[in-house]
Structure formats: C-alpha cells, structure tokens
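Computed from the coordinates by the stated procedures, all read-outs in this text should not be read as laboratory data. Just so it is clear, the structure is predicted and the values come from calculations on it, not from any experiment. Reconstructed Cβ throughout: ideal geometry from the backbone, glycine too, with neighbour counts over all protein chains shown.
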Protein chains: 2
Amino acid sequence: MDKSAAPVSTALHRKKATPKLKRGSGSVHSSVAEAIGVRIVRGEFPPGTVLPNEAKWAADFKVSRSAVREGIKILMAKNLLVSRPKVGSRVEPRERWSLLDHDILTWYATAPNRGKFLLSLQQFRYILEPEAAALAAEFHTEEQMHEISAACHDMATAPSLHERTEADVRFHLGILKATNNELLLPLGVIIDQALNNLFIFITLQANDLHHAQDLHEKIERNIRLRKPQAARIAVRNLLANSDEIIRRPPGKKTRKS
Amino acid sequence: MDKSAAPVSTALHRKKATPKLKRGSGSVHSSVAEAIGVRIVRGEFPPGTVLPNEAKWAADFKVSRSAVREGIKILMAKNLLVSRPKVGSRVEPRERWSLLDHDILTWYATAPNRGKFLLSLQQFRYILEPEAAALAAEFHTEEQMHEISAACHDMATAPSLHERTEADVRFHLGILKATNNELLLPLGVIIDQALNNLFIFITLQANDLHHAQDLHEKIERNIRLRKPQAARIAVRNLLANSDEIIRRPPGKKTRKS
DNA sequence: CAAGACCTATTTATCCTACAATACGGATTA
DNA sequence: TAATCCGTATTGTAGGATAAATAGGTCTTG
C-alpha cells in the first residue's frame, strides 16, 4: 500500500492542516468544493474516512454553514462522498468517483501520482480516439467536417504555441462530435486534460511540430474521404508520435527554458 | 414582461407543469435535483433557456429555498446548468452535460428518444469493451481475474434472470477494473445502464442464454490465458450477438438458433 | 441622433438561527 | 452475555434577512 506519501507541504508544523480557502476565484461554495475536493483526490482523506463536520469546515473557512453545505452537495453530485445524519460525510471508494468530470480531473492532475495519471490518460486516448475517428469518417456531416478542417488549418497557422494547442483540442473534440454519438462528447475532457498536460512536452519539442502537423492532416484527410480504417491508423500514428515525444527525455532533464 | 415566451409545444402550456415532487425517495434536495434534472434532460427546458427562479421552485415543490438551492448545486456540479445573479439558472448546451454520470444516465434512459440512446450505448460498448478486455488480458492481477471468473460462474448458475443480469454486470465491470486504468472505471455506468436496459430483450430470448454463456466463457478464458487479441475478438462476438438479439423482430418468435 | 454613464429592479449569493430527523454508541436491564 | 433503550452528535430542512451582481432601461452629453 501507499504509505500515504508523507504530505509534500513542508511548512505545516501545525497539527491542524491549514485549510487556506482561496477566495476570489468564483463563488464561495465552489471554492469550498474545490478546497475539500482537492484534499480528497490528493488522498488526504482516504476513502472510507469521515471528514470534519460542517460546522468545523464553516469555522475553518470562515464561511457560513450554508455555503459549506452547498459545496458538499457539489462533491456529493460528483460521487466523491456521501452524507448521512449523525455519521457525517464519508469519502466514497475511488471506483465511484466521477473521474471523467472536468473539475475532478483538474484537481486530480495536481495529485502526487501525476505520472501514472498521465499514463492512464494516454492509454485512454489509445482506446477512444482511433475508434472515434473511424466513426467520424463514417458518419460525419458537412458542417462537422468543416469544423475539423478549420481546426486543422488553425493548427498550422497558429501564431503561438498556446493558440496551437487550443486548435489542437478543437480538432480532436471536433472528431468526437463528428461521431454523432452523444455519449462520446463527455470524454472530451480527457483529451482536453491530456493535451494541456502535454503542453510542456509540446513546447520542448517545437521542432517536431511540422511532423505532428502532417500526422494531423492525414487524419483530417482520411475522415474527409470517409475511410474509417485509414483514419483509425492515422490516429494511432499520431498517438505513437506523442508517446515517443513524452518518452524522449528519458531521465536526464535537459531542460532549456 | 414574459416576452421570452419560449416556442415550446403548445400542448404543454396547460396552465402549470405539475411539478409533483416525489418525496420519500431520499432527501429533499436530491428529490429536487432529480425533479428538475429529469425535466431538463427530457428537453422540457432546452439548452439556453432560463428556468424559474429559486423562489418559484420552492413554492411549487413546497420546500424551502435552501433545499432548492442545494438541489440546483447538484445540477450545477453535473454541468446541466449555470446560475448567475440577476439572470437565473440557464440550461447548458448538451455537449457540456456530464452524460456519463450515473444519475443523468438514469434520467436520460427515460427520455423520449430512448431508441437512439440505446443505440449510442451499444456503439459505445463496441469502442470500449474490446480494448478493455485486451488490456485486462495484459495487465490483470490474480485477484481481479478471480472476480471475473467468479462472476462468469455466477452467471451460469444464477437461479433467476435478475441475478444473472447482476452477475453479468459484475463480469463486465470486473474486466474494466482489471485493466488497471482508473479512468476506465467511471465508464462502468455505461455498461450497467446498457445491460439493465437490455434486460427486457434478454428475458425475451431466454433460449439463447446458453449461447451467451458460451461467449462469456470464451472471454473469461482468453483474459485468463493473457491473450489480448483473442479476448478482443471474443468481446466483439458477444456484442454482435447482443446486437442480433436486439434487432430480432420483437414478435413472439422464439426460434432457436 | 448616438454613445456612454448612471440607475433600478430582479435574482442569486451568503449569512444566520432554529428545529427536526436520524442513527451511532454507550448505558441499562434481563 | 445479549438484547433493548436512549442520549446525543450530526446532517437535513425551514425561513428570513442582507449583500452582491448584473441585465436592461433611463438619463446625460457631445
């Protein structure tokens, strides 16, 4: 088992884990939800444990109990915990968490085991995206195809790496949408997270951008020409290329900034 | 004032929309969330429309505004709507909905376009499950394999169709878990929904059960023997069999294959 | 007349207090 | 010991009061 991976924060010599609710970013209840949610997904409250009662949170965060309750309702909706009278709020087992939720995924990306998380993301893309491209090749509409092509074009002409990543996300999301399977749309958060977490790798390997662009255009073309099998393979090639880039700096940090 | 009279169906402008909050099933706030959520996913409040204000809901449901707010927070957490002062709660575009959430999926299964929904479910399984089985064949642990085998055995010896379906779900969920990719676990809700919605078809074709059992055992064997490609194909065969059963004319044709 | 600044009304956001419902865990009793 | 009872801690629900935010109308001004 994990030895609960000693808290990374070195500056907490207090017994009480400094809550430090960061306000200003949105409403109070969402701040509360984020503050508690992050601590849950980071493993500070392992599944099965009951967290402090609402009054305690209210006192720690200096907010009303109503705000705390609304924040906890958000976490309940994401299946991070269940609340029952007298017993309190108990953290749910991990397999119940809505890991595909945008917020949880964002919180999770900051968790200690970030490497394993990125690996899961990439593995997930291998499952999802080739088949999505094949379906898109088969069922896309004119308008959907246009969105994909436009995103592909924007990638090539993006003036900055940030805008290129934005177009990249738009490209892959467009493919998902072009499958015309509504259940696939929520998986876009996976791609969004993956590409934004891979952004650092992309910037480090800017020389390969031309090659990556070529791979993207092959996907675009095969979808447009309605060749499912070819689209599938083209996506696999792109993913393999991403894998290679990720693995390229094998251990030594040749960091250039 | 109400110049924003949405061009909804003329038939349901029948005075009031009969809220009839069904109580007794859980807490009030979750009942509120379900009552409003169902009406959203069923299209009664199309994306972009703003729903009645909190005071209105409180009056309609005969509950406090606090309860309504907590219910709305749940729907916000599932990305069904966003709330802002002065403007109210606006329904989000469908592509933002967390369709893979267990609750939303349940509500959605009762929506008008149920046929298309089931089709999307089945298509999703074609994408997910073969690859999941291949990963499971590659990475499963001893304990995980035992769970899969046990579920497969329980399917064969289940005394009732209901218990057989339960073991069926457990079988497929076990495969997902055996991939050891935590991001795949949340997709179990898809399988759960699919199998429970297909339950009616399964009961109608009870003669084919031994054939289905054979297909399941082939999957179990190939995973156990760590043969990813064979497992992939075995799952595809099972899904194709399900497709055939679904498409079979719903008449009283109890033909044996 | 046009464009911008200002004002108002409506709605959510937050806070507060009080009470009800629940079930955990110890006390009581046979 | 075992079964039952009950006190109590905690969430659930209610209802009201005030603050903040903002869409839309009004007024001012060039």
Worksheet item: Taking other Cβ within 10 Å of each residue's Cβ, how do A:LEU209, A:LEU51, B:LEU80 sort, fewest first?
Response: A:LEU209, A:LEU51, B:LEU80
Worksheet, complete the sentence: Copies of A:HIS211 compared via label points 7 Å along Cα→Cβ give distances in nm, shortest first, of 4.9
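Eight or more residues apart or on different chains, and alpha-carbon atoms under 29 Å: count the Lys pairs in region A:114-257 matching that. Provide the component values of the computation, followed by the final result.
Working: A:LYS116/A:LYS177; A:LYS116/A:LYS252; A:LYS116/A:LYS253; A:LYS116/A:LYS256; A:LYS177/A:LYS218; A:LYS177/A:LYS227; A:LYS218/A:LYS227.
Final tally of qualifying lysine pairs is 7.
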Worksheet entry | Between helix B:142-157 and chain B: long-axis angle, C-alpha atoms, 0 to 90°, nearest 10 | 90 degrees
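What ranking of B:VAL38, B:VAL91 emerges when the number of other C-beta atoms within 10 Å of each C-beta is taken as an exposure proxy, fewest first? Walk me through the numbers on the way to the answer.
Numbers: B:VAL38 17, B:VAL91 23.
Lowest to highest Cβ neighbour count: B:VAL38, B:VAL91.
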Practice prompt. Scale the Cα Rg of the protein assembly as shown by the rule-of-thumb value 2.2 N^0.38 Å and send over the ratio, two decimals.
Written response: 1.03
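Please state, as a whole number in µm²/s, the translational diffusion coefficient that the Stokes-Einstein equation yields for region A:162-212 at 4 °C and 1.567 mPa s, with Rh defined as the Kirkwood radius across alpha carbon pairs. List each step's numbers first, then the result.
Details: Rh = 11.7 Å.
Using the Kirkwood radius from Cα pairs, D works out to 111 µm²/s.
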Worksheet item: Once the principal axes of the Cα atoms of region A:113-247 are found, what is the range along each, listed largest first in whole angstroms?
Response: 37, 31, 22
Practice prompt. In whole Å, largest first, what are the principal axis extents of the Cα atoms in chain A?
Written response: 61, 43, 37
Discussion item. I'd like the distance separating the alpha-carbon centroids of region B:37-94 and region B:203-228, in whole Å.
Written reply: 44 Å
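Treat every Asp and Glu Cβ in region B:139-242 as -1 and every Lys and Arg Cβ as +1, leave all other atoms uncharged, and give the resulting dipole magnitude about the Cα centre to the nearest 20 debye. Display every interim value, and only then the final one.
Working: 10 positive and 13 negative charges, 95 e Å.
Value, rounded to 20: 460 debye.
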Worksheet item: What does the average come to when, for each residue of peptide B:93-103, you count the partner chain Cβ atoms lying within 10 Å of its Cβ?
Response: 5
Worksheet item: With charges set only on the Cβ (+1 for Lys and Arg, -1 for Asp and Glu), what does the dipole of region B:65-212 come to about its Cα centre, in debye to the nearest 20?
Response: 1340 debye
